[in-house]
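The numbers here are math on the coordinates, done by the rules we state, and not lab data. For clarity, every value in this text was computed on a predicted model and none was experimentally measured. As a convention, Cβ positions derive from the backbone with ideal geometry for all residues, glycine included, and neighbour counts pool all protein chains shown.
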Amino acid sequence: MSQPLLEVRDLSAGYRVYKGFLRVLDGVSLTVRRGEKIGLVGESGCGKTTTMRAILGVLPSNGRVTGGQVLFEGRDLRQASPRELQRLRGRKLTAIFQNPGAALNPVFTVGQQLDAVLRAHHPGMPARERRQRAIEALASVRLPDPERLLNNYPVQLSGGMKQRVCIALALLSDADLIIADEPGTALDVTIEDQVMRLFMRLVEERQSATIFITHSLGVVRQWMDRVYVMYAGSIVEAAPTQELFRNPLHPYTQALLKAVPKLTGGGIPKGIEGRVPDYADPPAGCRFHPRCPFYSPDRCPARPALVDVGNDHLVACYQY
Amino acid sequence: MGMRSFILQRLIQSVVVLLGLSLLIFVLVRVAPGDPVRAALGPRVPQDVVDRMRAEMMLDEPYHIQYIHWITRTLQGDFGNSLMTRRPVAEDIKQFLPATMELALFAGVFMAAFGILLGAASAYRRNSWLDNAIRVLAYTGVVTPAFVFAVLFLLLFGYYWHVFPTAGRLAQDMVAPPTITGMVTVDSLLTGNWRAFVDGLKHLVLPAVALSMAGLSQQARITRASLVDNLQKDFVLAHRTYGLSDRSIMLKYALKPSLIPTVSILGLDFAALLSNAFLVELIFNWPGLSRYGVNAILQKDVNAVAAVVMVLGVTFVTVNILVDIVVAWLDPRIRMRIANQGG
Amino acid sequence: MSSSETAAAHDARALWWAMKRDNWRRMWYRFTRNPLSVVGLVIVLVTGLAAIFADYIAPYPEHAGAFVDFGNAMKPPGGQYLLGTDPVGRDVLSRIIYGYRFSFGMAIVVIALAAPPGVILGLVAGYYRGTRIDSIIMRITDIFLAVPPLVLAMAITAVLTANVFNAMIAVTLMWWPWYTRLVYGLASSLRNEFYVQAAEVMGASKFHILFREILPNCISSILTKMTLDMGFVIIIGSSLSFVGLGAQPPTPDLGTMVADGAKYMPDQWWLTTFPALAIVTVVLGFNLLGDGLRDVLTVEEQ
């Protein structure tokens, strides 16, 4: 098989805070092939956003990657020089942030922000051409009157428009991998759906691979090729979408699927007992064990590794 | 459109504020108990001189007539005669104001430039020895009164290191350039007198630094805090994700939004600077308006005091309008608000 | 009223106090985590206690006044006089301690007089934002803010007689608008909070809304500002004295001591250096304490 586009091996990362070091990511491993659409699901606070930032190398200043590898086209990004990273970012891998209101610089116009990215990647491009490219980018995300929009500040745009501008920014160049962190969750449901459709169409047109971070299983089921389920900083299960929904193996995945409300009725969905653990002092061994109905000290001695159970289905649980 | 009406609105507001200030000053100098003329001239001056002065200042008229008379003349640039020099106060001001303006402008530019520079350096090299050194310096600047800095400089440079002169505007053997603007450095530049320019500049250094330390420190602290805050923001992470260089982010994309709080308090820092000029001019024997003002205050020369306070009020209000314009230029959100409010 | 109800009320009150105590303990813990805040607190406590108990602590309490002992004039630091003596033979250390008494007294009086009216005006203007009351109050505030602070204080002191009392009045007159500004900003955003609107819907009086709903949420900012201001009032006060418009001799004042001592530099350096250090130290103390308070209180609010 050909080399995967992105291979994350055993990635660990965390944040320094007043009560110590929060070990948020605990050995995350995932693989993305060219053109593959990956869904990364889990509760809020399970480390999805941290995973994205660690892969891109843009953790906030109190964050630190403590171990593991991020292989992009076989090259470890953690060993790459800042210059190399800068050249890769925006050109080969890019991202869309969760909150479009916060992801745009408030004191520069949409045009200036698009232009800055174009200038960074095409130093020789004349200003007129950059402007043309910027207008095209805005038009490609279906924003009306792109020329006028160039002179607008983010504060003048609605939430949905800001999200489209963010997508335009990320897709200025034909990146091979787009990591999208719940784009649209900050928006109205109808607009969220529009943005989602637009985004997926653009991804498919460009044949880019994507890691789509979400807590919505519906979105995953509808659009993604493969799903990674994350719990408390590690991947607990990974499978092709159909396989996962047909045959969830990890007790957490099973609970997650049961927690989804169905339009067809069936009563109030069951929540999952307990809560995401404290990262300053995470549970020893399997991080899910305090909430796990199958846990017993004899059966679960340490942290379970991801094992292949066939059908390209991986799970980290001692039951299998 | 929006910006022009904003400036107009600010100007009208400022005129109202200055009128209020004039009323305040009037109440202060005229309605205060006792006879201001007698208090200024002292007990030995004959009564008829005092009476003539009182008539000139219309002190025996009702207060509202006095005020209208006083404000009309003030608006015409006539502040009356000084009770101590007997000269028109306006002429004194013309003579002393340029020296203060030169000092205040120099100190103001120094304050803003170095405050922002140090704050930015501190934020970018967070937790390094440079950051710690700048933070200690900024703390020292905030908690040390200007007169303590001035006295310290006087001691160090007056007695030990003779690098910078500690008194006056020019060396004694230096021929002053002809008065054009009244600012020694500007005038010497205009007349091409290089030696006088350098000497004038040297004389500016110590008083200007003493004056600007408080504001400079405040600026550095605020710039650092807002930069550190902004560097954590999603939009900076997004800029990095899209491949902008760290250099352009630091010098442009993170710096510009971070300057908004810094510039917003520039007006206040400039006010502190004008306040401290009263002490610093005295200590460095700088022949400016503030030194004139202190003497007027100590001598109870009410006309001169009123004029000095009024002139400084106008200066400060002007600076504040400029600051507001710069902030509106930096921050589109404020511009939008203005555009939405006024047509 | 049954006894079980009173018992429940009693329990509720006990629980409330327990939570309160717990909050205080947690805030104190956070506060002590930052050594600089603790240093600030220690400086403020030591200088404050020295000011209060000056009569017992100062080595030569009688030197605070118009005392003369030419035999011991201009003694350098050390020996009998820890920080040296001045040109008329008075102990510099004793005068610094009494100078603190004056500085603290002035700062406390000024802030106690300036904060309440400033806060009330700010509350009213902020709550009635956009109305005529707002514009009248804020324009008046602007007038007082239109002159550089020390200038106005000096002008006021000059017209009245230069003495301690008038200096306090002058500084107070220029200080209240800052509280109005601070509270105005807070109140005008707080009035849109749900709990304020809920109180309005339930028909609470304006007094209740201003002082029971809005004010408590401004307290931490006001307290922080008051602490920082203690330092800045001390600077302004000593600046006034430095020019000769504040405390008049023989009242011991740190600003006056620096000014008088400057004439004897550099040979009698202790005459200026120690009073100057004394000012810087106490202002530093209040700044560190204020910053520490701000950190603790803002975290607590989030």
Between the Cα axis of helix B:194-231 and the main Cα principal axis of chain B, the angle (0 to 90°, nearest 10) is 50 degrees
Gain in span if fully extended, A:Ser61 to A:Ser158, counting 0.36 nm per residue against the direct Cα distance: 31.9 nm
Alpha carbons only, please: Rg and Dmax for region B:92-298, in angstrom. 19.6, 63
Once you put a point 7 Å from the Cα of C:Arg21 and another 7 Å from the Cα of C:Asp69, both along the Cβ direction, what distance in nm separates them? 5.1 nm
Angle, helix C:35-52 long axis vs. longest principal axis of chain C, Cα atoms, 0 to 90°, nearest 10? 60 degrees
Under the rule rounded for a/c under 1.5, else prolate if a/b exceeds b/c, else oblate, using alpha carbon gyration tensor axes a ≥ b ≥ c, region A:1-109 is classed as rounded
Which shape class applies to region C:9-156: rounded if a/c is under 1.5, otherwise prolate when a/b exceeds b/c and oblate if not, where a ≥ b ≥ c are the square roots of the Cα gyration tensor eigenvalues? oblate
So, in Å, what gap is there between the alpha-carbon centers of region A:295-310 and region C:96-147? 66 Å
Top positive-direction residue, dipole computed over the protein assembly as shown with Cβ charges, set A:Leu249, A:Ala180, A:Leu149: A:Leu249
Hey, got the average number of other protein chain Cβ atoms within 10 angstrom for residues in A:76-87? 1
Going by a ≥ b ≥ c, the root eigenvalues of the Cα gyration tensor, does region B:152-267 fall in the rounded group (a/c under 1.5), the prolate group (a/b larger than b/c) or the oblate group? prolate
With a Förster distance of 56 angstrom and the Cβ-Cβ distance between B:Arg38 and C:Trp269, calculated FRET efficiency to the nearest 0.05 equals 0.85
Return, for the Cα atoms of chain A, the radius of gyration and Dmax in Å, separated by a comma. 20.4, 69
Can you run the Rg to Rh ratio on the protein assembly as shown? Use alpha carbon positions and the Kirkwood inverse-distance Rh. 1.04
If each DSSP helix of 4+ residues adds -39,500 (n - 2.57) and the sum is divided by the residues in chain A, what number results at 222 nm, nearest 500 deg cm²/dmol? -9000 deg cm²/dmol
To the nearest µm²/s, what D does Stokes-Einstein give for region B:235-343 at 25 °C and 0.890 mPa s, using the Kirkwood radius over alpha carbon pairs as Rh? 143 µm²/s
Add -39500 (n - 2.57) for each DSSP H run of 4 or more in chain C, then divide by its residues: what number comes out at 222 nm, to the nearest 500 deg cm²/dmol? -24500 deg cm²/dmol
Simple spin-label estimate for B:Leu117/B:Trp194, 7 Å along Cα→Cβ, in nm, reads 2.4 nm
The Cα extents of region C:131-240 along the principal axes, largest first and rounded to whole Å, are 53, 30, 19
7 Å from Cα along Cα→Cβ at both A:Asp10 and B:Ala55: what's the point-to-point distance in nm? 10.4 nm
Looking only at chymotrypsin sites (Phe, Trp or Tyr not before Pro) in DSSP loops with at most 15 other Cβ atoms within 10 Å, what is the longest site-free stretch of chain C? C:54-263
